[in-house]
Amino acid sequence: MDKIILQCNNLRKTYKKKDHLHVACDDINLYIKQGECLGVVGESGSGKSTLANIIMKLEKADSGTVILNDKDITNVKRNELKEVYKEIQMVFQDAIGSFNPRLTIEESIMEYVCNLCSTTEEEKKHKVDNLLQMVGLPKEYKDRYPHELSGGQCQRAAIARALSAHPKILVCDEATSALDVSVQAQVVELLKEMQEKMNISYLFITHDLALVSSFCDRVAVMKNGKVVEVGEAKEVINNPQHEYTKLLIQSAYL
């Protein structure tokens, strides 16, 4: 866990509102090592999702840089994104909504594999079977449509789709928050298993501090676009230094 796989340097993002400038990310500096899980917590509007979108090239930062596996991806062109997405993938909160409702699970994953890799039809089908097995979904689920799966099953399929690129890092934006507690635990266990098997890294955005303590190696606390505290997850949860972190923890455990 020595190599830095993702680094954000002085990231800043603002939005023009009617009567003021909203600062969503204010001089963000973070890194994630290979095989590490970095949790990002903070209340709604703190800038967590904006940070994820900048890293995933869904939004452009006003200033700052994003370094992925020693490559500066800050200003990559649209035709270069395929190479970026071979190394970093995202898992969204709304798993069902992240799939094309007109495609079966197999078709969705195959389309993804097709976009990122050059393989034969037979190889792609075999890869889908292996991916579904990897995330604990029966093979017959590949013929179902997203709405025919439960939230937990669909999130497993979304993780399989993301893993099809063999990424070095997964950005999980509230990926478990829409699931009930028992299903959430199963998905987190799956993510841990993938971390061990593939030495994959996670940027894990959540509001669940108990989950941060049990799953994440380190945590960054965001407030009003700033990182106000960062450190070992258990240390930050058990011995918070910033007043806002203390408030978050008190609110979570009331």
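The residue of region 15-39 that is farthest from Met194 (Cα to Cα), among those that are at pLDDT 95 or above and of a type in the set (Val, Ile, Thr), is Ile28. Restricting region 42-77 to residues that are outside any loop (DSSP other than H, G, I, E, B), more than 13 Å from the chain's Cα centre (by Cα) and touching a residue at least 40 places away in the same chain (Cβ under 8 Å), the residue that is surrounded by the most Cβ atoms within 10 Å (Cβ to Cβ) is Val66. Scanning region 207-254 for residues that are hydrophobic (A, V, I, L, M, F, W, C), within 28 Å of Glu196 (Cα to Cα) and part of a loop (DSSP other than H, G, I, E, B) yields one hit, Cys216.
Looking at region 163-176, can you tell me whether even one residue there is surrounded by 21 or more Cβ atoms within 10 Å (Cβ to Cβ), out of contact with any strand residue (DSSP E or B) (no Cβ under 9 Å at 6 or more places or on another chain) and either modelled with pLDDT of 85 or more or not β-branched (Val, Ile, Thr) (or both)? So far as region 163-176 goes, no, none of its residues is surrounded by 21 or more Cβ atoms within 10 Å (Cβ to Cβ), out of contact with any strand residue (DSSP E or B) (no Cβ under 9 Å at 6 or more places or on another chain) and either modelled with pLDDT of 85 or more or not β-branched (Val, Ile, Thr) (or both). Within region 12-41, being within 20 Å of Pro167 (Cβ to Cβ) and part of a loop (DSSP other than H, G, I, E, B) holds for Gln34, Gly35, Glu36. Per the conditions (1) on the phi > 0 side of the Ramachandran plot; (2) assigned to a helix (DSSP H, G or I); (3) not aromatic (Phe, Trp, Tyr), the sole criterion not satisfied by His166 is (2). Each residue in region 216-229 was checked for being touching a Lys or Arg at 6+ places or on another chain (Cβ under 7 Å) and either surrounded by fewer than 23 Cβ atoms within 10 Å (Cβ to Cβ) or at pLDDT below 90 (or both), and 0 of them qualify.
The values are calculated or read from the model by the stated rules, or taken from the named source; none is laboratory data. Nothing here was measured: the structure is a model prediction, and the numbers come from that model. Every residue, glycine as well, gets a Cβ built from its backbone with ideal geometry; the counts of neighbours run over all protein chains shown.
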